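Worksheet: the structure to be examined is printed underneath.
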């Protein structure tokens with residue numbers, strides 16, 4: 001009972017932290033900042049100000065920080081031979097109508113970066129005023145050998161040469177040309193894209209066909225035995241339900257704050273940002289919730305390790321009660337797929353099915369990947385001490401694609417299997433209640449019931465039925481979460497053009 005109270009207080013504190021942290025009025029403050037007004041004046045009114053447009057030193061002296069060619073940390077994939085031609089010749093000084101033009105008129109692709117879209121930083125705040133020399137020109141303030149001190153350090157305190165190798169205007173990772181200019185980004189992007197494509201290509205048809213199969217006429221039970229007493233069996237422990245609750249809440253918050261930033265260029269994205277209290281506040285909530293997810297995963301790992309029986313290690317790891325994949329899972333997946341299309345009988349599942357194990361390990365994979373890349377993106381200056389700054393570009397794309405994969409799988413596949421199937425509609429409360437009817441288990445997991453009955457373990461798993469009032473609360477809470485997730489999914493699909501634009 002004490003453990004249950006602790007979990008409830010932890011979840012309540014987490015929810016209150018998010019509610020008090022999110023302040024929509026903060027969005028109004030951000031909208032009146034100097035950077036935002038300067039950006040509006042430059043892009044709409046074509047008015048340019050001297051506010052941070054001039055480089056600190058137009059012609060740097062020879063006392064420069066040299067690049068150690070033996071260290072890859074200081075070298076960007078685009079840092080090829082430095083041009084030594086005249087500074088003025090490489091600038092925009094002789095360009096006609098230069099003062100009346102916006103940078104995006106000639107460089108539309110370069111406007112698609114995090115600095116401009118999310119932080120509202122203008123081109124001239126980094127590149128300076130005229131003349132603007134090319135990034136590879138020796139005397140340019142944006143040259144890789146000095147821009148960490150002249151440009152990056154303005155906002156990123158402690159920026160190093162390694163950090164400055166981050167490619168602000170990165171090429172399209174999907175294009176063939178990127179294979180030559182930024183090969184690692186190209187291969188990682190397509191590897192993650194292939195992973196997402198294979199996952200959706202396998203499970204979306206599986207989900208659709210399964211939904212159709214649910215409406216096929218089922219074989220009636222011809223047994224004349226009298227109905228058994230409606231006992232309820234414990235399916236999930238209090239610790240497992242608490243972890244799922246924390247994971248569910250944090251995932252919804254992460255999805256909301258993440259989509260608000262991913263769709264920052266749309267009206268819907270602006271609305272989400274407003275709800276979370278502005279872009280800065282939404283980013284803060286996203287980071288704090290991500291750390292909370294990593295901490296909860298660490299506690300879950302401790303819980304799993306404690307459950308391992310060292311005296312019977314092999315059965316503990318690879319037995320029927322383990323969530324580790326087995327050969328039997330692959331066999332049941334094939335049989336179940338055949339049953340879905342009307343070929344053969346439905347297999348007899350044990351305690352854990354193959355799709356439940358997939359979901360479980362997908363969570364481990366997702367939190368590990370998203371958490372690791374998220375921490376690197378959270379602390380780019382510190383991380384660039386150990387990794388090249390240009391790898392942040394790669395980790396950002398891994399984070400993006402994995403996030404889209406996780407949201408798509410949970411909002412479409414996991415929700416259908418867990419709640420929207422004919423047998424479970426409108427909602428399966430087993431993860432909230434912890435208990436499940438014995439008759440239902442005999443139908444859905446006959447092998448598990450046969451096994452625990454043979455070992456005479458069934459009486460020890462019987463639990464009391466959940467009060468009706470608690471069921472109503474579970475339905476209300478679960479419905480809110482389900483509606484929020486469907487809202488994010490539908491609007492994400494309706495604004496898919498913005499997502500395509502980002503991936504271009």
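The values are calculated or read from the model by the stated rules, or taken from the named source; none is laboratory data. The structure presented is a predicted model; accordingly, all values stated were derived computationally and were not measured. Positions of Cβ are generated from backbone atoms using ideal geometry, with glycine treated the same way; all protein chains shown enter the neighbour counts.
Miscellaneous remarks
- Pick from region 466-503, criterion touching a helix residue (DSSP H, G or I) at 6+ places or on another chain (Cβ under 9 Å) and not in a helix (DSSP H, G or I), ranking: farthest from residue 271 (Cα to Cα): 466
- Across region 442-461, the qualifying residues are those that are in contact with a helix residue (DSSP H, G or I) (Cβ under 8 Å, 6 or more places away or on another chain) and within 16 Å of residue 237 (Cβ to Cβ), and the one among them that is surrounded by the fewest Cβ atoms within 10 Å (Cβ to Cβ) is 461.
- Checked against the criterion of being touching a helix residue (DSSP H, G or I) at 6+ places or on another chain (Cβ under 8 Å) and at pLDDT below 90, the candidates 371, 344 yield just one match: 344.
- Per the listing 436, 417, 413, the residue uniquely touching a strand residue (DSSP E or B) at 6+ places or on another chain (Cβ under 7 Å) and surrounded by 18 or more Cβ atoms within 10 Å (Cβ to Cβ) is 436.
- Checklist (1) part of a helix (DSSP H, G or I); (2) over 23 Å from residue 261 (Cβ atoms); (3) free of Cβ contacts under 8 Å to residues at least 60 places away in the same chain applied to residue 295, failing item: (2)
- Within region 155-170, the residues that satisfy the criterion of being touching a helix residue (DSSP H, G or I) at 6+ places or on another chain (Cβ under 8 Å) and surrounded by fewer than 16 Cβ atoms within 10 Å (Cβ to Cβ) are 157, 158, 169.
- Among the residues of region 171-188, those identified as surrounded by fewer than 22 Cβ atoms within 10 Å (Cβ to Cβ) and either part of a helix (DSSP H, G or I) or at positive phi (or both) are 178, 179, 180, 181, 183, 184, 186, 187, 188.
- Residue match in region 308-316 (condition: in the same structural domain as residue 441 (by TED's automatic domain parsing), over 16 Å from residue 240 (Cα atoms), in contact with a helix residue (DSSP H, G or I) (Cβ under 9 Å, 6 or more places away or on another chain) and surrounded by 13 or more Cβ atoms within 10 Å (Cβ to Cβ)): yes
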